[in-house]
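Written out below as structure tokens is the structure these notes cover.
We did not get these values from a lab; they are worked out from the coordinates using the rules stated. Remember, it's a predicted structure, so these values are computed and weren't measured experimentally. In this analysis, Cβ positions are derived from the backbone assuming ideal geometry, glycine residues included, and neighbour counts consider all displayed protein chains.
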């Protein structure tokens, strides 16, 4: 969400920045034209209100002087203004809504170091702020070298009788799965392991947020109005609630309409929740298996910071997500998303892509984004800087998955598969699995 005053003062810079975003034709001149009409309506309304107030005083003076003719003339003029003012106020509300609607569909402006590109082919591998390909490789597990033809996760799970898509389809339709037995336990173990890492080692506060949220919360984290088709809604009295597409929504909105102190920042929150997405526009993509589901579990990380620290916090959050994959000895890479692939609310995004032997490719398992004050403006989330007489400022928000539990389950199953159809359990997960070192084929 943008400040129209900033756009007016920085029209050329705004146009140059927004032109880097994919499919956005709106320019500053379009927005300023709406704002000009808004200013004109407000000016006329203010003039009418001031004139009405002045005339009301003159009426009092005329009546005090017993000049009934003058008083009647002035009262007639006030009556005409009373007819104009309600319409002027209605026009003001309408133009304010038009301007707000226009501003709400403009994506965030990206950092200069975000690569230009039309789609994911323009993404660039990232080796760390001061890193190289060699140092990055040293921190990550190598690709697994399997002596047999690897299977995809759904082949492994179905052969074990513990990943059931047919029953899920009877219950709910496509893009759902029923996990059973040891595979279900493995999925649960992954989520608990991730929470423990982020709370005990990375300083995040564990939260159990609501899974249903209001439109205002969705607007605050920019799911509305642009991504309404991706959401599942349920009636709630005279309004509606939505199932969360990510815990980013309730976690970030915990500071909406708040004035924090600088001493409270950074605020770091994490949650393990189910997430619900309609996957609108993904027809025909990843229809086999559980890579793209309507319901899935995810560990989310959210940070609320000052503007001066948000870029460093972005790098820190990336390291937190990487730590999960490193502890699991999963091979992955980090991609700096280009302008054609980056999310609507992000100024910069790193994607972690894990290697899946069954697919013989990398697939996204986590996205870590810095949003600047884009979401804070939509939520009216501010903080008071330390020191006297400092005006409140908007906070900066960041979010990242640490990581998608279902996709991590896929990665563990494919990377730790054995030739006999069993799955070896990563060392860090064995305590969560009651000491099991493998789960076997049926």
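Can you give me the convex hull volume of the Cα atoms of segment 384-442, divided per residue and expressed in Å³?
132 Å³
Placing dummy labels 7 Å off each Cα toward the beta-carbon, the span from residue 101 to residue 70 is 4.8 nm. For the pair residue 239 and residue 112, what calculated FRET efficiency results from E = 1/(1 + (r/R0)^6), where r is the Cβ-Cβ distance and R0 = 51 Å, to the nearest 0.05? That gives a FRET efficiency of 0.80. Helices in the chain, meaning DSSP H runs of at least 4 residues, each add -39500 (n - 2.57). Divided by all residues, the mean residue ellipticity at 222 nm is -12500 deg cm²/dmol.
With respect to the chain, whose longest principal axis is taken over its alpha-carbon atoms, helix 68-104 is tilted by about 20°. Using the Cα coordinates of segment 46-116, the gyration tensor eigenvalues translate into equivalent-ellipsoid semi-axes of 49, 12, 5 Å, sorted from longest to shortest.
Expressed to the nearest 5 percent, the antiparallel share of DSSP beta bridges inside the chain is 90 percent. Altogether, the Stokes-Einstein calculation at 4 °C and 1.567 mPa s, with the Kirkwood radius of segment 214-272 over Cα pairs as Rh, returns a diffusion coefficient of 101 µm²/s. Across segment 346-361, the residues whose backbone nitrogen lies under 18 Å from the label position 7 Å along the beta-carbon direction of residue 13 are 347-348. Taking every alpha-carbon pair under 8 Å whose residues sit at least 6 apart, segment 4-104 reaches a relative contact order of 30 percent. Stretched out straight at 0.36 nm per residue, the stretch from residue 149 to residue 389 would grow longer than its current Cα-Cα span by 79.7 nm. Rounded to the nearest 10 degrees, the inclination of helix 28-64 to the longest alpha-carbon principal axis of the chain is 40 degrees. Cα centroids of segment 229-255 and segment 93-156: 25 Å apart. Relative to the longest principal axis of the Cα atoms of the chain, the long axis of helix 405-415 lies at roughly 30 degrees.
How much length, in nm to one decimal, is gained on full extension between residue 438 and residue 54, taken as 0.36 nm per residue of separation minus their Cα-Cα distance?
Numbers: separation 384, 0.36 × 384 = 138.24 nm, distance 8.56 nm.
Taking 0.36 nm per residue and subtracting the Cα distance, the gain is 129.7 nm.
Considering only alpha-carbon pairs that sit under 8 angstrom and 6 or more positions apart, the relative contact order computed for segment 272-325 is 36 percent.
Rg ratio for segment 208-347: its Cα radius of gyration over 2.2 N^0.38 Å, N being its residue count, equals 1.15.
Take the Cα radius of gyration of segment 4-104 and divide it by 2.2 N^0.38 Å, N being the number of residues; the result is 1.64. For segment 366-400, backbone nitrogen atoms closer than 11 Å to the point 7 Å from residue 264 Cα along Cα-to-C-beta are found at 381-384.
The mean sequence distance of close C-alpha pairs (under 8 Å, at least 6 residues apart), as a share of the length of the chain, puts its relative contact order at 19 percent. Under 19 Å from a label point set 7 Å out along the Cα-to-Cβ vector of residue 312, the amide N atoms of segment 108-136 belong to 128-131.
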